[in-house]
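Okay, so here's the structure we're looking at.
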Amino acid sequence: MKIILLLFAFISLNTAFTNYVAQEPENKHFEEKQKEREKDAKKAEEEILKKHQKIQSKKTQKMMKQTKKKSKRLKKGKPALPFYKRWFTKG
């Protein structure tokens, strides 16, 4: 009985704490800037990957392309995050 009460208390404290921590400021300007930064970061990462691929030899480029295609095929239909991260994050 004590274990059940302790478990219940832990779960309720955990949800209360995550609700408190997960609150973001409701500021449209802040949200727009955040989205813009994320977009710029993604664009920069894509440019870096393209540059990296371009400096490789033709044989290596072909191998990279095949590997990317195979990994995309194998990941198809699978979630991006593992189950434990999906279970313990708010969203």
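Only the coordinates and a few stated rules stand behind these numbers; no lab work does. None of these values were measured; they are calculated from a predicted model. For neighbour counting, all protein chains shown are included, and Cβ atoms are generated from backbone atoms with ideal geometry for every residue, glycine included.
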- Message: Between residue 84 and residue 46, what is the label-point separation in nm under the 7 Å Cα-to-beta-carbon projection?
- Response: 3.3 nm
- Just subtract the alpha-carbon distance of residue 60 and residue 8 from 0.36 nm times their residue separation and send over the number in nm, one decimal. 13.2 nm
